[in-house]
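Asks: Mind looking over this structure? Questions follow.
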Amino acid sequence: MISLKINKTLCGAKGEMNLEVDLKIKQGEFLAISGESGAGKSTLLRILAGLEEAEGDVIVNGQNWRNFPVQKRQIGFVFQDFGLFENMSVEQNLLFVAKDRALAKELLEITQLRELKNRKPNTLSGGQKQRLALARAFMSRPKILLLDEPLSALNHKMRVELQKEIVKLHKRFGCTTLMVSHDASDIYRMASYVIVMELGKIIKEGTAKDVFSTNSSYLSGEILEVQKDIVVVLVGQQLVELKISNNKQFSVGDHIELESYLAF
Amino acid sequence: MHELFNTLLILDLAPFALSFKLATITTLILFVVTLPLAWILSQSKSKIKPIIESIVSLPLVLPPSVLGFYLLVAFSSFDLAFTFKGLVVASCFYSLPFMVQPLQGGFESLNKNMIESSYIAGKSKWITLFRVALPNIKPALMTALIITFAHTVGEFGVVLMIGGSIPDETRVASIAIYDLMNNLEYGKAHIYSAIMLVISFFVLLSVYIFNHKQFKGVHR
């Protein structure tokens, strides 16, 4: 069980704000943290990792982690920009964390990096780097895994593949996982619980369905193109062509609501 | 031409040997001593950091005579004035910023998350320095070592004040050229100066070629 009760003043793009989080996370849970940029999501992970200080307490399995050095926390962290050791090969990146060749071999297999084990990180593609960062995070057999937008900047196919790998590794190691993500599909597929943050506070929490469903049967979209009697609307990541049935005037950039029978 | 050839044959190379000996020792001492300092400065958010940085950079702006004067005062109680040891100590002060600044700049330009990943992996600050940070700042390391070496070879004012011109003890190449000019031996002064010019050029060229290759390697 992780119990977080923290307070920290942050200076963001929107000026000063107070990060105030009171949260309990069950052992083995996969928690997703969603919310606008600058809401304090990454800072929350960094405080839990011991990379930033904050007032309050972080209690993990009954042990207070205040003044507990980052080196002793036994966590895995996947940074948004990976933070790979550029001077080391793929395999050395893993073995630097722990001299456990069997585990390194297993992780390289799971993340499909075995063939690339002698390559340096700067020769890998974005997806391969992300896999390596993920494999490296598991080398310390972490009790807590922290993922800061681990699937951003990946195409859809790669994203779905990595979602499966993360879930597989999460189950294999049984670690409590906190993942920052903006993407509803990532969260829906992987997380068992979601919190939504805004300006340093938790404004909503529950399962992915609870948090992202809407009671109304309307979907909102943005008009990308207006033709004679047809508009092209972006709904989520889908482009929809709609016929205009009345004489209403639309412009590019307008936000409209579409009635749907399929919304939750 | 014949005269030039004869001059080259009997040229006393001891001042150059002394200059390179001084530069090698100074570079090694500065590297060992200032590596932890540069690392700590690069990671520090302390309020006294600007004060330490200012002290380190002082030799860049201080007239060599000021540094030489204070060192002479300090050396009076250690019997270091006009000795090779004294020159080494003086050179370490004089070339301090040329070692610290490139190293610190290299460490500061590293991906912060790479360093933090090492801490998260359970590694101490010192293991992180030697296994992660230092191997990833090769161009800055090369610049620091070579520029410190070259700058020490090219040192004049402080050396003159601290060491004087004692053959095989403190008479380094730059001092030898000064002596030759004072003795109106322009022929030899020309040769000594040309040697210094060529060496300095190739030292700098090697730094730029190395760094260019490293840059290309990273962005290939």
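Asks: Going by amide H atoms built from the backbone, whose H comes under 5 Å of the H on A:V180, apart from near neighbours?
Replies: A:I33, A:L147, A:D148, A:E149
Asks: About its Cα centre, how strong a charge dipole does the protein assembly as shown have in debye, to the nearest 20, once Lys and Arg get +1 and Asp and Glu get -1 at the Cβ? Please list the in-between numbers first.
Replies: On the way: 50 positive and 43 negative charges, 333 e Å.
With only Lys, Arg, Asp and Glu charged at Cβ, the dipole is about 1600 debye.
Asks: All other residues with a Cβ under 14 Å from the Cβ of A:L199 taken together, and with Lys, Arg as +1 and Asp, Glu as -1, what is their net charge?
Replies: Numbers: positive: A:K8, A:K14, A:K41, A:K201, A:K204; negative: A:E16, A:E20, A:E36, A:E198.
Once all neighbours under 14 Å are counted, the net charge is +1.
Asks: Calculate, for A:N118 and B:I51, the FRET efficiency according to 1/(1 + (r/R0)^6) with r their C-beta to C-beta distance and R0 60 Å; round to the nearest 0.05.
Replies: Working from the Cβ atoms, E equals 0.80.
Asks: How large is the charge dipole for segment A:2-212, taken about the Cα centre, if only the Cβ atoms of Lys, Arg (+1) and Asp, Glu (-1) carry charge, to the nearest 20 debye?
Replies: Details: 32 positive and 25 negative charges, 172 e Å.
Around 820 debye, computed over segment A:2-212.
Asks: Here's something else I'd like to know. Give me the aspartates and glutamates in straight-line cross-link reach of B:K45: C-alpha distance below 17 Å, same-chain residues under 8 apart excluded.
Replies: A:E52, A:E53, B:E53, B:E108, B:E116
Asks: With r defined as the distance between the Cβ atoms of A:V167 and A:E55 and R0 fixed at 25 Å, what FRET efficiency is calculated, to the nearest 0.05?
Replies: On the way: r = 34 Å, r/R0 = 1.38.
My answer for the efficiency is 0.15.
Asks: Which one, A:S220, A:G253, A:L242, projects farthest toward the positive side of the charge dipole computed for segment A:218-259 from Cβ point charges (K/R +1, D/E -1)?
Replies: So the residue we want is A:L242.
Asks: What whole-number volume per residue, in cubic angstrom, does the convex hull of the C-alpha atoms of the protein assembly as shown give? Display every interim value, and only then the final one.
Replies: Details: hull volume 115.5 nm³, N = 484.
So the per-residue Cα hull volume is 239 Å³.
Asks: Pairs of Cα atoms under 8 Å, at least six residues apart: use those to get the relative contact order of chain B, whole percent. Working shown, then result.
Replies: Values: 220 pairs, mean separation 65.8, N = 220.
It comes to 30 percent, rounded to a whole number.
Asks: Could I ask something else about it? Search the structure for amide H atoms under 5 Å from the amide H of A:L258, placed 1.01 Å from N in the peptide plane, and list their residues when 5 or more places away or on another chain.
Replies: Excluding prolines and chain starts, which carry no amide H, the hits are A:L219, A:S220, A:G221.
Asks: Further, regarding this structure: Listed here are the pairs A:K41/B:K123; A:K164/B:K112; B:K21/B:K85; B:K123/B:K213; A:K24/A:K201; which of them are more than 20 Å apart at the Cα? Working shown, then result.
Replies: On the way: A:K41/B:K123 26 Å; A:K164/B:K112 29 Å; B:K21/B:K85 11 Å; B:K123/B:K213 30 Å; A:K24/A:K201 14 Å.
Too far apart for the 20 Å limit: A:K41/B:K123; A:K164/B:K112; B:K123/B:K213.
Asks: Going by how many other Cβ atoms sit within 10 Å of their own, how do A:M1, B:M142 line up, fewest first? Present the calculation step by step, with values, prior to reporting the outcome.
Replies: Numbers: A:M1 12, B:M142 17.
Ranked by crowding around the Cβ, least crowded first: A:M1, B:M142.
Asks: Cα convex hull of chain A: mean projected area in nm², to one decimal?
Replies: Values: hull surface 67.0 nm².
Orientation-averaged projected area of the Cα hull: 16.8 nm².
Asks: Towards the positive end of the charge dipole of the protein assembly as shown, with charges on Cβ (+1 Lys, Arg; -1 Asp, Glu), say which of B:V172, B:V88, B:F107 has the farthest Cα.
Replies: Checked the options; the winner is B:F107.
Asks: Over the Cα atoms of chain B, what radius of gyration and what Dmax do you get, in Å?
Replies: Rg, Dmax (Cα atoms, Å): 20.2, 69.
Asks: Taking the beta-carbon count within 10 Å as an exposure proxy, list A:C11, B:C92 from fewest neighbours to most.
Replies: Details: A:C11 8, B:C92 19.
Sorted ascending by nearby Cβ count, the order is A:C11, B:C92.
Asks: Explain nothing, just compute: Karplus ³J(HN,Hα) = 6.51 cos²θ - 1.76 cosθ + 1.60, θ = phi - 60°, for every residue of segment A:220-233 in order, whole Hz, x for Gly and Pro.
Replies: Karplus values, whole Hz, x for Gly and Pro: 9, x, 10, 7, 9, 8, 10, 9, 3, 10, 10, 10, 9, 10.
Asks: Further question on the same structure: Give me B:T148, A:T207 ranked fewest to most by other Cβ atoms within 10 Å of their Cβ, as a rough exposure proxy. Could you put the intermediate results ahead of the total?
Replies: Values: B:T148 28, A:T207 14.
The fewest-first ordering by Cβ neighbours comes to A:T207, B:T148.
Asks: When only Cα pairs under 8 Å and 6 or more residues apart are kept, what is the percent relative contact order across segment A:127-238?
Replies: Values: 104 pairs, mean separation 19.1, N = 112.
Relative contact order comes out at 17 percent.
Asks: Of all beta bridges DSSP finds with both residues in chain A, what is the antiparallel percent, to the nearest 5?
Replies: Working: 40 of 58 bridges.
Antiparallel bridges make up about 70 percent of those DSSP assigns within chain A.
Asks: Something else: Could you work out the mean count of beta carbons from other protein chains within 10 Å of each residue's beta carbon in B:108-119?
Replies: Taking the mean over all residues of the peptide, I get 6.
Asks: Enumerate the calculated ³J(HN,Hα) couplings along segment B:88-102 in order (Karplus 6.51 cos²θ - 1.76 cosθ + 1.60, θ = phi - 60°), each rounded to whole Hz, writing x wherever the residue is Gly or Pro.
Replies: Result, rounded to whole Hz: 4, 4, 4, 5, 4, 5, 5, 9, 3, x, 6, 8, 5, 4, x.
Asks: By DSSP, what percent of the beta bridges with both residues in the protein assembly as shown are antiparallel, rounded to the nearest 5?
Replies: Working: 40 of 58 bridges.
If we restrict to bridges inside the protein assembly as shown, about 70 percent are antiparallel.
Asks: Can you pull out the trypsin sites (Lys or Arg not before Pro) in segment A:1-82 whose DSSP state is coil and whose Cβ has at most 15 other Cβ atoms within 10 Å? Display every interim value, and only then the final one.
Replies: Details: sites: A:K5, A:K8, A:K14, A:K24, A:K26, A:K41, A:R46, A:R66, A:K72, A:R73; in loops: A:K14, A:K26, A:R66, A:R73.
Sites meeting the loop and neighbour criteria: A:K14, A:K26, A:R66.
Here, each number is a calculation from the coordinates, and none is a lab measurement. This structure is a prediction, so every number in the text was calculated from the model and none was measured. When we count neighbours, we look across all protein chains shown, and the Cβ atoms used for this are built from the backbone with ideal geometry, even at glycine.
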